[in-house]
Structures are given as C-alpha cells and as structure tokens.
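S.K.: Quick one: structure below, then a few questions.
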Amino acid sequence: MSDHLSGFDHVLLILHIGFAIFTLGPLTAATMATPRYIRRGDLTVLRYLRRVTQMYGLFSLGVFLFGMLLARGHFGKMWITASMTLMIVALVLLLIVERDQTRALKALTAIAADRATIATAPQPDREQQPESTDAPAQPAPAEERPEPPPATTVTGDVPAKVADVERGRIASISGVVGLIWIVILILMVWH
C-alpha cells in the first residue's frame, strides 16, 4: 500500500484496528476459557462463553471487511493474501469451536438433568417394622425391592465423554486460532 493514505483510508484503518482490538481479544479469551469451565461443569458460565463466542465471532467479520476495503487494489501482495487467507481459516475454526461449545453444553446439561432426576426421585418407603428387640429385622423379599437405575444415568458416562472430547478439541483449536492472530499481526506490522 502507498505511504500516503487518504482520509477515507485513515477511517478504514481506524475501524480495522478498532474492530481487531475490541473483538479478537474477548473472542480469544472466551474460547480459551471454555475448556476450564467444561471441566468444572459450570453451565451458566459456559452459556455465557458460547454467547460471547457467537457475538464476537460475528463482529470479527468487521476486521476482515475493513481490512479488505483498506487493501483494495493491493491483493497481489503476498502479506495481504496470506493475512486474508489466515483470517478465513481462523473464522472457520471459530465456527467449529462454537459448535463444540454447543455440544459440550448439551452433554453437561444432560448430566445435570440426570443428577437432578436421581436427587429428586422418591426414595422407596420402608415399611414400618414393629420394634422388637428379640428378633432381627428381616429384609424385604427380592420381588418387593425397587430396581436401581442404570449405571449410565448415575455417572453420565456417554455425556461426560462427549464433554471431554469437546473440551480437548476446543482447547487445541483455540490455541491454533490464537497463533493465527499472532501471525496475522506480525504480517501486518512487518509488511
């Protein structure tokens, strides 16, 4: 790009940098914090982080749009093409992160619902046995005992495994997206 920017280009540059500062920072923080709260099973914070990822991911399109407008006529330069390509890759990866946040949230919600169901399930009433110190109490016959719930309801094995897989994938993809932001920044500064 030329050393002399027009007034319009200055406005585009300010918008480009402003959008980069105010969207990419919170977006990166939200995606990188998500695995910690998946591990803790904090549904309220996970819902918030997913919403932040959605909103700031959408706003980060402004970084791309204003950068593209600023680079008009200079798309043949390697650093501009590389930066735009990396930005598109990062945005696609953020879509995957948001999808994984949703899956983890659903899995953890299922676990919480199972635990709530078990906690609120009525406990079988034990029949009042006459108090007698002479004879020990006899257990109820097997046909009168209620069946325990299946093991997966208690432990939430499948949803817990899904949440763990999503947690690992979100952590790795968020790290890659953070590195992409750094590479783009280096390309912008050292062009």
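S.K.: Calculate the FRET efficiency for Leu5 and Val45 from the Cβ-Cβ distance with a Förster distance of 30 Å, rounded to the nearest 0.05. Don't jump to the answer; show the numbers that get you there.
M.R.: Working: r = 42 Å, r/R0 = 1.41.
That pair, Leu5 with Val45, gives E of 0.10.
S.K.: Roughly speaking, what is the stretch gain from Ala113 to His74, that is 0.36 nm per residue apart minus the C-alpha to C-alpha distance, in nm to one decimal?
M.R.: Details: separation 39, 0.36 × 39 = 14.04 nm, distance 5.48 nm.
The span from Ala113 to His74 would gain 8.6 nm if fully extended.
S.K.: With each pseudo-label sitting 7 Å past Cα toward Cβ, what's the Ala29-Leu179 distance in nm, one decimal?
M.R.: According to this spin-label approximation, the distance is 2.4 nm.
No lab work stands behind these numbers, since they all come straight from the coordinates. Fair warning: this is a prediction, and the values are worked out from it, not measured in the lab. All Cβ positions, even for glycine, are placed from backbone atoms using ideal geometry, and neighbour counts span all protein chains on display.
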